[in-house]
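Undergrad: Structure in structure tokens, see below.
Readers should treat all values here as calculations from the given coordinates under stated rules, not as data from a laboratory. Please read these numbers as outputs of a predicted model, since none were measured by experiment. Counting neighbours? That spans all protein chains shown, and the Cβs are built from the backbone with ideal geometry, glycine included.
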């Protein structure tokens, strides 16, 4: 879908962070946008900003933990803008902890928002996209889904699921006029999850690297226009490391602590009293 001007997009997690930047990038490309999330005032502010950019935009609040909200989200979005051409599954929650320190409610919450909601939303929009002969679905995953770090197992598992569903859908609909992409950001400076870590005095290093939130948003738009299967945006060349992890899992187990990744997430978990 190289031309986004006049197309209609639904974006979850649109009240701030990466989501708000992707919403702005969609608007710059000429797409009309429904932004969804739980923070109603922030959503309204983003939608107002998008309208000032010359596109139609609506804020549709919703809690992805709630199945009823999920079922109504696509219907409300299409009532506001018309048939959806683009779905960006961006909403996500994370919590660093030793695995045994998670509550069962925390485990299911991450699965509900990070994995179940994208699957159900995609299941809702895909028939219409296929019938109209156009559409694209973007899943915002994480490098953690490619190489799960310590103290982030449930989060990494949900993001790995998004990578797998993208691969499966691309294989099934390879000859259909609908595309699927997955974006795997690393540590994203500026806003969002990693920025909260920085504000607590915990940050990446040269080896792990950081990227800018604007780059992630731009790569998301590029993935739609060029139907890219997978985009890794980390600020450092991670593909050789990820390839090494596939070829030699035991070796990568030794590498990850040495580059500081395990210690970083341990410190985040400790700051929440969940490291042991």
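Undergrad: If you build a Gaussian network model of the chain, linking Cα atoms that sit under 10 Å apart, which residue out of 13, 192, 179 swings the most?
TA: So, out of 13, 192, 179, the one fluctuating most is 192.
Undergrad: Packing-wise, with mean Cβ within 10 Å as the measure, how do 26-35, 220-229 rank, highest first?
TA: Packing proxy ranking, top to bottom: 26-35, 220-229.
Undergrad: Rg to Rh ratio, the stretch 14-55, alpha-carbon atoms and Kirkwood radius?
TA: Across the stretch 14-55, the Cα-based Rg/Rh ratio is 0.92.
Undergrad: Please grab the % of Cα pairs in the stretch 1-134 that end up more than 21 Å from each other.
TA: When all Cα pairs of the stretch 1-134 are counted, 40 percent exceed 21 Å.
Undergrad: Tell me the Rg and the Dmax, in Å, that the Cα atoms of the stretch 181-276 produce.
TA: My reading of the Cα-based Rg and Dmax gives 14.9, 45 Å.
Undergrad: Using only Cα atoms, find the angle between the long axis of helix 117-132 and the longest principal axis of the chain, and express it within 0 to 90 degrees, rounded to the nearest 10.
TA: Between the helix axis and the principal axis of the chain, the angle is about 40 degrees.
Undergrad: Per DSSP H run of at least 4 residues, take -39500 (n - 2.57); add these up for the chain, divide by its residues and hand me the 222 nm value, nearest 500 deg cm²/dmol.
TA: Here the helix-only value at 222 nm equals -15500 deg cm²/dmol.
Undergrad: Report, to two decimal places, the Cα Rg of the stretch 84-243 normalised by 2.2 N^0.38 Å (N = number of residues).
TA: Taking the Cα Rg and dividing by 2.2 N^0.38 Å, one obtains 1.06.
Undergrad: Let me ask something else. Give me the percent of Cα-Cα pairs in the chain that sit more than 27 Å apart, rounded to a whole number.
TA: The proportion of pairs with Cα distances above 27 Å equals 37 percent.
Undergrad: Using the alpha-carbon centroid of each, what span in Å lies between the stretch 211-276 and the stretch 75-95?
TA: First find each Cα centre; the distance between them is then 26 Å.
Undergrad: While we're here: Taking other Cβ within 10 Å of each residue's Cβ, how do 103, 12, 262, 166 sort, fewest first?
TA: By the 10 Å Cβ count, ascending: 103, 262, 166, 12.
Undergrad: Looking at the chain as a GNM with Cα springs under 10 Å, which of 148, 17, 245 has the largest mean-square fluctuation?
TA: 245
Undergrad: Of the residues 38, 219, 250, which exhibits the maximal mean-square fluctuation in a Gaussian network model of the chain defined by a 10 Å Cα contact cut-off?
TA: Of 38, 219, 250, the most mobile in the Gaussian network model is 250.
Undergrad: Enter the mean projected area of the convex hull around the alpha-carbon atoms of the stretch 124-198, in nm², rounded to one decimal.
TA: Seen from a random direction, the Cα hull of the stretch 124-198 projects 6.0 nm² on average.
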